1. List pairs: first in the stretch 82-111 and on the phi < 0 side of the Ramachandran plot, second surrounded by fewer than 16 Cβ atoms within 10 Å (Cβ to Cβ), Cβ under 6 Å, 6+ apart or cross-chain?
2. Within the stretch 97-146, how many residues are over 19 Å from the mean Cα position of the chain (by Cα) and of a type in the set (Gly, Ala, Ser)?
3. Consider Tyr283 against the criteria (1) in contact with a helix residue (DSSP H, G or I) (Cβ under 7 Å, 6 or more places away or on another chain); (2) under 21 Å from Gln183 (Cβ atoms); (3) not acidic (Asp, Glu): it satisfies all of them except one. Which criterion is unmet?
4. Of all residues in the stretch 234-285, which are small (Gly, Ala, Ser), free of Cβ contacts under 8 Å to residues at least 60 places away in the same chain and closer than 24 Å to His218 by Cα?
5. Can you name every residue in the stretch 45-70 that is closer than 12 Å to Ala109 by Cα and either among the acidic types (Asp, Glu) or in contact with a His (Cβ under 8 Å, 6 or more places away or on another chain) (or both)?
6. Take the conditions open to solvent by less than 50 Å² (accessible area, probe 1.4 Å), out of contact with any Leu (no Cβ under 9 Å at 6 or more places or on another chain) and in a helix (DSSP H, G or I) and apply them to Thr264. Does it pass?
7. Only one of Val251, Val326 is at pLDDT 95 or above and either open to solvent by 30 Å² or more (accessible area, probe 1.4 Å) or more than 26 Å from Glu163 (Cβ to Cβ) (or both). Can you tell me which?
8. Would you check which residues across the stretch 73-102 are part of a helix (DSSP H, G or I) and open to solvent by 80 Å² or more (accessible area, probe 1.4 Å) and list them?
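The values are calculated or read from the model by the stated rules, or taken from the named source; none is laboratory data. Computed from a predicted structure; not experimentally measured. Every residue, glycine among them, receives a Cβ derived from its backbone with ideal geometry; neighbour counts consider all protein chains shown. These accessible areas exclude ligands, DNA and RNA; they are computed on the full protein's heavy atoms, side chains included. Shrake-Rupley method; radii C 1.70, N 1.55, O 1.52, S 1.80 Å.
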Amino acid sequence: MKALNNIFKRAGDDPRHIVLAEGEDPRIIEAAATATERGISRITLLGNAAAIAAKAAEQGVSLDGVTVTDPTDSAEIDRYAAELHRLREAKGMTLGKAVELMRDPLHYAQMMVHLDDADGSVCGAVYTTGDTVRAAIQIIGMGENSSMVSSFFLMMLCEPFHELKGGVIFSDCGLVIDPDSKQLAQIAMSASNSARALLNEEPKVAMLSFSTSGSAKHAAVDKVVEATALVKEQMPDLAIDGDVQLDAAIVAEIAERKVESSQTQGRANVLIFPNLEAGNIGYKLAERIGKADAIGPILQGLKKPANDLSRGCSANDVVNVIAITVVQAQTAEG
């Protein structure tokens, strides 16, 4: 897994402070210990300190080097609540409600990131995606050049039988249900930036469809064509093909036959799906039948890194997302 190994090396070379909101979950405890031991991050666990210590002891896990903070008994509550009140007062947020929310680990974690008390957050082992994303948008906010939050999976294709090798970005497979052409263009631009940051290589973007170069006529195809044109206007140096079918996106011989003047030449490393239905099915087919490793969903479009987890995640999944969050924090600065 060269691409993933590179991410871990970069994280280890310049570790950042990552806060984990669900500190009483056994998977999160194990991941915190592993990330600390491997030196990829400085970790803060949120939750009841006694409960976390007891569960760590039951698991035989050492939390040496891990900071444990209980939001219900934190010296930062008043400062954090005052900032949340300032951010959301126009939306009806009262100071009393802000204090209540800051006692919730999810909101506390995002405020740590917003106020630079942490470099990124990882949540979602217990909290829903909707709750995680909503808190991140309300507290951390959108990136300077972003109009929306979307997600991607980093798909690792490292088995001997994989003809397409390395890391590939699949987007959006976890968040935006039915993007219009402008939203699809934003997803593509965010995903290309994610590929450049995480894969350490130039993005080659395929705007996927059931049509290649206008071979089919339908409103769904028109959306992809329009989105592709918008991306080209805003990122003229980006290698991008669209509308394009999957085989023409990843097989050079097919691209040569079907895509005139292909910019990706059938070697796309960023696959943009036309809607969530296609994206969710696509990544799960690649994972379950194609035996690719799926890491994510990773959020993109925020001002600072705040990532989601699948509620079915393993401790190893959490460690992978921590490493990615560290690299996102590094690249956000540079």
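1. From the stretch 82-111, the pairs are His85/Leu95; Arg103/Thr72.
2. Residues in the stretch 97-146 being over 19 Å from the mean Cα position of the chain (by Cα) and of a type in the set (Gly, Ala, Ser): 1 in total.
3. (1)
4. Start the filter on the stretch 234-285 by keeping residues that are small (Gly, Ala, Ser), which leaves 239, 242, 248-249, 252, 255, 261-262, 266, 268, 278-279, 282.
Cutting the leftovers down to free of Cβ contacts under 8 Å to residues at least 60 places away in the same chain gives us 239, 242, 248-249, 252, 255, 261-262, 266.
Passing the criteria: Gly242, Ala248, Ala249, Ala255, Ser261, Ser262, Gly266.
5. The answer is Asp70, and nothing else.
6. Values: open to solvent by less than 50 Å² (accessible area, probe 1.4 Å): yes; out of contact with any Leu (no Cβ under 9 Å at 6 or more places or on another chain): yes; in a helix (DSSP H, G or I): no.
Taking the combined requirement at face value, the residue does not satisfy it.
7. Details: Val251 fails: at pLDDT 95 or above.
Checking each option against the conditions leaves just Val326.
8. Going through the stretch 73-102, the residues part of a helix (DSSP H, G or I) turn out to be 73, 77-91, 95-102.
Those that are part of a helix (DSSP H, G or I) and open to solvent by 80 Å² or more (accessible area, probe 1.4 Å): Asp73, Asp78, Arg79, Arg86, Glu89, Ala90, Lys91, Leu95, Lys97, Glu100.
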